[in-house]
Every structure is written in C-alpha cells, then in structure tokens.
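Colleague: Shown below is the structure under consideration.
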Amino acid sequence: MALKEREQKYRSVEDLPGVGPATAERLRDLGFTTVESIATATISELMAAGLSEKKAYELIALARESIELTWVTAKDLAELRTGLGRITTGSKALDALMGGGVETQSITEFYGEFGSGKSQICHQLAVNVQLPVSRGGLEGSALYIDTENTFRTERIIAMAKHLGLPPELVAERIIYAEAYTSDHQMLLLEKADKVIKENNVRLIIVDSLTAHFRSEYLGRQLLPERQQKLNKHLHRLIRLARAFNAAAVVTNQVMAKPDDFFNQSAVFPVGGHIVGHTSHTRILVRKVAGKRNRIARLVSSPYLPEGEAVFAITEDGIVDVEGED
Ligand code: GTP
Ligand code: MG
C-alpha cells in the first residue's frame, strides 16, 4: 500500500541494503547519487562500479521497488493524487483554468508565438514555487534551464519584491543553467537528480524545450532523430517530476499553419505529436493587440475541460486583469 511509505523506504543510496560507504562512493563517482538514478541504471553501468552482476541486479530491483510506480492499485493512485502539489501562476483566472495552478508530477507546456509571455510565466513560477503552501507555493526551489539566454535576474527581483519576499534569497533559490546545444540540454537533465534532491527543487523549467532541436535538426531526414531525442528528453523530465514530486514546465514556439492563414489560433507547436502526447497539460498563450493582456487557452489536459482565461503581464509579473477574475 502506502505509496508514501514506499517512497520513503530508501532515501539515499547508502540506505539500500548491502551498500556500504565504499560502494556508495564508487557509485557516486559514476554519477549514481540517488535511489532514482540506481532504479534507472543498467546492470553493466553498476558493474562498472565494481559490483557483481548479481549484486547489480539486486540493487536495481530494490531501488525500483522503492520508487517505481508503473502498476499501482486504484487506492495507491488516489494516495499519489493527494500528494500532488500546485504552484500558483500569480493569476487566479489562469490558475482556475489549470485546476488550481501548475501541477507537480507532470509536464505543463506553454506554447505560443514570440513575445506571448512564455518566459515571463516561467520567471513567475520560479518565484512562486518558493511561496508557502498557504500562498500557492511549495516552499521549494526552482531549476531553470535556459536555452535562449532570456533569463533575467532583475525580473525575479521585481516579482519577489511585489510578493513581499526577500529578493536575494529568492534569487538564490533559483538554480540556473544555460544550455548551449540540444545535447547539452539533455545532459543537464541527465545529471540533475543530485541538484534537485539537495536543493528541494519542486519546479523544473526548460525554456525553450524545442529551440535547439529546431535549429539543429533541419530538414525532413533529420525529423525522426529529432523526435526520438525530444521524446527521450521529455521522458527524463517526467521521470524527474514524478520521482521528486516536482512540477515540470516547458515552453515551445509555434509556427503558423500556412493553410489556416486567417485563423489566429491555428498554430501548431514545434515537436508535433511526440511533444503533444508526452505533455500532460498544454496551454496556448496569445497576445492581445496593443495591450499587456494575454489570453491563455487550455488545449489539452488529462482531466480538465478546454477553456480560456485572461491575464496580464506587468512590471510586477503575472497578474489578473483588474475586474475580471
Ligand atoms: P519568445 O521566447 O521570444 O518566444 O517569447 P516569450 O513568449 O517567451 O515572451 P516573453 O515571456 O519574453 O514576453 C515578453 C513580453 O513580456 C514583452 O513583450 C512584454 O510585453 C512583457 N514584459 C516583459 N518584461 C516586462 C516588464 O518588466 N514589464 C512589463 N510591463 N511587461 C514586461
Ligand atoms: Mg521566451
């Protein structure tokens, strides 16, 4: 039963039966720093740390038993659900559209055209995740993978001040990395579990998920390879989100569909179907001409109906449009 008990059974690699300090050290050297990383390792990878084949097999099985949630009973599922956390976006209207904010243990994708506000939403969430639960946060920190060098600490400071949070402390709890290529971006997530665990990261942001993939894999022949890599990257992301009860937020540019030229919302996200199937909640963000207002459309969700919400981007961050919530 109790998923929580199972999750807490082995907290660190040393807690796994038969792993002494020396073995733990060798595993750590090879990058296996958490129970989650052991659970997803291969036998040969662990044998490289000097374990016998049998021992490696046993260790992986124990780690998997401790965290893996492939088959669960309906009762376990209900328990898992109650463990879900939510992060406020700063706009009550936008939160309501998503059933109360951005959810942990799944991926939320914000997609839209240039300047629609995707990165501003990411900045705001990186601040808001730090709020106490009573104010819509998770008292955790944020991991921010920036692929377009658009992250700005000044925006974080302004948003933190508006919420009455100590700006330096808030900035310290956003752990940032710029990804220079798609491979680098993938590697950052491959190596993220230690930093996530040590810093109580409850929000993982990849802004933008697709920009590098789009620019590096040009042409039809490369499309299958690009999709396969994106798929792998997203699966890694969802695994981290589930293992650490963190929210995963990604952004994605859109391209206008040439045959739907007059339909403003007829845009489709880069990455096509694979991104579509793996992301659990997808939100299209649109600009409203000449205003700071934005329209968010919930395009797909595992259990919420489609709908729209209006919010605004101001100096203070993401807020409700006055008189409209
Ligand atoms: P791409 O990454 O280019 O696809 O765009 P994006 O969707 O990430 O857009 P982003 O989040 O960067 O939004 C930029 C918009 O946010 C600007 O055009 C402004 O309208 C708004 N914005 C950003 N910073 C501020 C600010 O300090 N004050 C106000 N009022 N608006 C801001
Ligand atoms: Mg952006």
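Colleague: Looking at segment 101-114, is at least one residue outside any strand (DSSP E or B), assigned by TED's automatic domain parsing to the domain that holds Arg286, at pLDDT 95 or above and within 16 Å of ligand 2 (Cβ to nearest atom)?
Modeller: Here is the first cut: in segment 101-114, the residues outside any strand (DSSP E or B) are 101, 104-106, 113-114.
Now narrow it down to the ones that are assigned by TED's automatic domain parsing to the domain that holds Arg286: 101, 104-106, 113-114.
Going one step further and asking which of them are at pLDDT 95 or above, we end up with 101.
Next, from what is left, pick out any that are within 16 Å of ligand 2 (Cβ to nearest atom): none.
Checking segment 101-114: not a single residue is outside any strand (DSSP E or B), assigned by TED's automatic domain parsing to the domain that holds Arg286, at pLDDT 95 or above and within 16 Å of ligand 2 (Cβ to nearest atom).
Colleague: Further, regarding this structure: Could you check segment 168-184 and list, in sequence order, the residues that are in contact with an Asp or Glu (Cβ under 6 Å, 6 or more places away or on another chain) and among the small types (Gly, Ala, Ser)?
Modeller: Pass one, segment 168-184, residues in contact with an Asp or Glu (Cβ under 6 Å, 6 or more places away or on another chain): 178, 182.
Matches in segment 168-184: Ser182 only.
Colleague: Contact list please: Cβ distance under 6 Å, first residue in segment 281-301 and in the same structural domain as Thr108 (by TED's automatic domain parsing) and away from ligand 2 (no atom under 16 Å from the Cβ), second residue open to solvent by 40 Å² or more (accessible area, probe 1.4 Å) and not in a strand (DSSP E or B), pairs at least six apart or on different chains.
Modeller: Pairs that qualify, where the first residue is in the same structural domain as Thr108 (by TED's automatic domain parsing) and away from ligand 2 (no atom under 16 Å from the Cβ) and the partner is open to solvent by 40 Å² or more (accessible area, probe 1.4 Å) and not in a strand (DSSP E or B), are Leu298/Glu306.
Colleague: Across segment 32-70, what is the total count of residues that are surrounded by 14 or more Cβ atoms within 10 Å (Cβ to Cβ) and in contact (Cβ under 8 Å) with a residue 40 or more places away in the chain? Spell out how you get there, then give the answer.
Modeller: Initial filter on segment 32-70 (surrounded by 14 or more Cβ atoms within 10 Å (Cβ to Cβ)): 32-41, 43, 45-49, 51, 55-60, 62-64, 66-69.
After this cut, where a residue has to be in contact (Cβ under 8 Å) with a residue 40 or more places away in the chain as well, the list is 33-34, 36-37, 40, 58-59, 62-63, 66-67, 69.
Final tally of qualifying residues: 12.
Colleague: Can you pull out the residues in segment 95-126 that are in contact with a His (Cβ under 9 Å, 6 or more places away or on another chain) and within 15 Å of ligand 1 (Cβ to nearest atom)?
Modeller: Thr108, Glu109
Every residue, every condition in (1) modelled with pLDDT of 95 or more; (2) more than 30 Å from Leu230 (Cβ to Cβ), yes or no:
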{"position": "Ala24", "(1), (2)": "no, yes"}
{"position": "Ala39", "(1), (2)": "no, no"}
{"position": "Gly83", "(1), (2)": "no, no"}
{"position": "Asn128", "(1), (2)": "yes, no"}
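Colleague: Shifting gears a bit: Could you please find all residues in segment 118-161 being within 16 Å of ligand 2 (Cβ to nearest atom), open to solvent by 40 Å² or more (accessible area, probe 1.4 Å), within 19 Å of Ala248 (Cα to Cα) and assigned to a helix (DSSP H, G or I)?
Modeller: Gln120
Colleague: Among the numbered criteria (1) among the β-branched types (Val, Ile, Thr); (2) away from ligand 1 (no atom under 16 Å from the Cβ); (3) over 13 Å from the mean Cα position of the chain (by Cα), which single criterion is violated by Ile196?
Modeller: Going through the list (1) among the β-branched types (Val, Ile, Thr); (2) away from ligand 1 (no atom under 16 Å from the Cβ); (3) over 13 Å from the mean Cα position of the chain (by Cα), Ile196 breaks only (3).
Colleague: Let me ask something additional. Evaluate the following for Arg6: is it part of a helix (DSSP H, G or I) and modelled with pLDDT under 90?
Modeller: On the way: part of a helix (DSSP H, G or I): yes; modelled with pLDDT under 90: yes.
For Arg6, the condition - part of a helix (DSSP H, G or I) and modelled with pLDDT under 90 - is met.
Colleague: Would you call Leu284 at pLDDT 90 or above, crowded, with 16+ Cβ neighbours inside 10 Å and part of a helix (DSSP H, G or I)?
Modeller: no
Colleague: Answer yes or no: is there a residue in segment 199-221 that is free of Cβ contacts under 8 Å to residues at least 24 places away in the same chain, within 16 Å of ligand 2 (Cβ to nearest atom), assigned to a helix (DSSP H, G or I) and open to solvent by 10 Å² or more (accessible area, probe 1.4 Å).
Modeller: yes
The values are calculated or read from the model by the stated rules, or taken from the named source; none is laboratory data. The structure presented is a predicted model; accordingly, all values stated were derived computationally and were not measured. Neighbour counts run over all protein chains shown; Cβ positions are idealised from the backbone, glycine included. Each accessible area value is taken on the protein alone, full model and side chains, heavy atoms only, with ligands, DNA and RNA left out. Shrake-Rupley method; radii C 1.70, N 1.55, O 1.52, S 1.80 Å.
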